[in-house]
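Please read the structure below before turning to the comments.
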Amino acid sequence: MRAVGLHADVVVTTSRVYKTTCTLVRGGGEAFCIDSPILPDELEILPALAQQAGFTVVGLLATHADWDHLLGRYAFPEAPLGCAETTAGRLVNEPGAAQRELREFDESFYVERPRPLSLPSAQRLPVPGKLEVGDGELELQPADGHTEDGMAVWIPWARVLVCGDYLSPVEIPMLKGSASAYLATLARLEPLVEQADHVVPGHGAPIDGARAAAILREDRAYLEALLEHGEAAKLPLARRTAEQRRIHAENAERVA
Ligand SMILES: [Zn+2]
C-alpha cells in the first residue's frame, strides 16, 4: 500500500486493489480517517501508520456508502462513523448491502478477514456544511451522481479536496446515480479543484489541481457525449481499458 504526505496534516494511502484511497486528516490533536483501504494487511497497518505520523484518529468519515469505502472500522474499531445524510439514509435503507458485497469480493479472491464488518449507525453530518476536527474546520459539499448519496471534503488549510468517486485518473465516471446529478457535482467541485494543491479521488493516487481540472473537463465531455450519443460516446483517451469499456456499456444502458 502506498502512503504519501500531501501536507503536514494530510496523509493518503492507496490500496493495492481498486486503488481505493484513504485520507487521514489532522486538526490540532485530533484526526479523522476518510474512506478506507481494502485488503486486511492494509487495514491492519493503518493504526500504526497513523500513530507514527502523529495522527490520533477519533472518527471515521465516508464519502459515500459503497462497500469499498466503508472498511475503516477494521482499523479503528471504536471510532464513530460520520457521513452525509444521504449516505446515512442509504446505509439504513440497504441494510447488510455493504457486508454482502464485501463478502462477495472476499469469496472471489479467497480473502480472509479477522471478523465480519460491523458498521455503527452513522452520525448524519450537515452537507453542505462544516465539521470541526480539533482546531481545524472541514467543508463538506454534496457529491451525488456516481451514487445517489455522497459528499466531498475540502480541507481548506491544506488545500486538499477529497472528492469520493469523482475525478479519477483510473476510472471513467461510473453512473449508479444519475448523469445530471453527476454533472451538477462536477460543477460544484470545479471551484474547489481550481483552488486545490491536491485532489484525492476515491480511486487512484492523489493528483495535483491542474491534472484534476483536466480530468474534470474530460469527464464532463464524456457525460455530455453519453447523454447525446449513448454507447457511441468516446471514452477519455487514457481510460479505455476493457474494464472501462464495460463500465461505459453499463452507463450507456442506464442513460438509454
Ligand atoms: Zn468506490
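The values are calculated or read from the model by the stated rules, or taken from the named source; none is laboratory data. Nothing here was measured: the structure is a model prediction, and the numbers come from that model. We place every Cβ from the backbone using ideal geometry, glycine too, and count neighbours over all the protein chains shown. The protein model used for the area step is the full one, side chains on, heavy atoms only, and it has no ligands, DNA or RNA in it. Shrake-Rupley method; radii C 1.70, N 1.55, O 1.52, S 1.80 Å.
Quick one: which residue in ALA210, ALA196, ALA205 is within 15 Å of the ligand (Cβ to nearest atom) and over 24 Å from ALA249 (Cα atoms)? Write out each step before concluding.
Values: ALA210 fails: within 15 Å of the ligand (Cβ to nearest atom); ALA196 fails: within 15 Å of the ligand (Cβ to nearest atom).
Result: ALA205 is the single residue among ALA210, ALA196, ALA205 that is within 15 Å of the ligand (Cβ to nearest atom) and over 24 Å from ALA249 (Cα atoms).
Quickly run through the stretch 191-202 and pick out the residues that are under 29 Å from ALA242 (Cα atoms) and open to solvent by 10 Å² or more (accessible area, probe 1.4 Å).
HIS198
List pairs: first residue in the stretch 17-29 and within 16 Å of ALA75 (Cβ to Cβ), second residue buried (at least 24 other Cβ atoms within 10 Å of the Cβ) and acidic (Asp, Glu) anywhere in the structure, Cβ distance under 7 angstrom, at least six positions apart or on different chains.
THR20/ASP35; THR21/ASP35; CYS22/ASP35; THR23/ASP35
Those residues that are among the acidic types (Asp, Glu) and either buried (at least 24 other Cβ atoms within 10 Å of the Cβ) or away from the ligand (no atom under 16 Å from the Cβ) (or both), I need them from the stretch 117-175; list them, please.
Once the filter is applied, which keeps residues that are among the acidic types (Asp, Glu) and either buried (at least 24 other Cβ atoms within 10 Å of the Cβ) or away from the ligand (no atom under 16 Å from the Cβ) (or both), the stretch 117-175 yields GLU132, ASP135, GLU137, GLU139, ASP149, ASP165.
Somewhere in the stretch 190-200, is a residue under 27 Å from ASN93 (Cβ atoms) and modelled with pLDDT of 95 or more?
No; the residues of the stretch 190-200 include none that is under 27 Å from ASN93 (Cβ atoms) and modelled with pLDDT of 95 or more.
Show the residue pairs that are 6+ apart or on different chains and have beta-carbon atoms under 7 Å apart, the first residue being within the stretch 94-109 and without any contact (Cβ under 8 Å) to a residue 40 or more places away in the chain, the second being in a helix (DSSP H, G or I) and surrounded by 11 or more Cβ atoms within 10 Å (Cβ to Cβ).
ALA98/TRP67; GLU101/TRP67; LEU102/TRP67
Residue pairs, Cβ under 6 Å, 6 or more apart or interchain, first in the stretch 167-190 and within 25 Å of THR14 (Cβ to Cβ), second assigned to a helix (DSSP H, G or I) and not hydrophobic (A, V, I, L, M, F, W, C). List them.
ILE172/GLN244; PRO173/TYR182; PRO173/ASP219; LEU175/ASN251; LEU175/ARG254; LEU186/ARG220
For the subset of the stretch 18-64 comprising residues that are open to solvent by 40 Å² or more (accessible area, probe 1.4 Å) and within 16 Å of the ligand (Cβ to nearest atom), which member is nearest to VAL162 (Cα to Cα)?
The qualifying residue nearest to VAL162 (Cα to Cα) is LYS19.
Name every residue in the stretch 83-97 that is surrounded by 16 or more Cβ atoms within 10 Å (Cβ to Cβ) and farther than 17 Å from GLN123 by Cα, in order of residue number.
If the condition is that a residue be surrounded by 16 or more Cβ atoms within 10 Å (Cβ to Cβ) and farther than 17 Å from GLN123 by Cα, then no residue fits.
Test each condition in (1) in a loop (DSSP other than H, G, I, E, B); (2) in contact with a helix residue (DSSP H, G or I) (Cβ under 7 Å, 6 or more places away or on another chain); (3) over 23 Å from HIS229 (Cα atoms); (4) small (Gly, Ala, Ser) for ALA158 and report the one that comes out false.
Of (1) in a loop (DSSP other than H, G, I, E, B); (2) in contact with a helix residue (DSSP H, G or I) (Cβ under 7 Å, 6 or more places away or on another chain); (3) over 23 Å from HIS229 (Cα atoms); (4) small (Gly, Ala, Ser), only one is false for ALA158: (2).
In the stretch 115-146, what residues are assigned to a loop (DSSP other than H, G, I, E, B) and in contact with a Leu (Cβ under 9 Å, 6 or more places away or on another chain)? Show your work before the answer.
Of the stretch 115-146, the ones assigned to a loop (DSSP other than H, G, I, E, B) are 115-122, 126-128, 134-135, 143-146.
PRO116, LEU117, LEU119, PRO120, SER121, ALA122, PRO126, VAL127, PRO128, ALA143, GLY145, HIS146, listed by residue number.
Kindly provide the set of residues from the stretch 204-256 that are open to solvent by 30 Å² or more (accessible area, probe 1.4 Å), free of Cβ contacts under 8 Å to residues at least 60 places away in the same chain and β-branched (Val, Ile, Thr), ordered by number.
The one that is open to solvent by 30 Å² or more (accessible area, probe 1.4 Å), free of Cβ contacts under 8 Å to residues at least 60 places away in the same chain and β-branched (Val, Ile, Thr): THR241.
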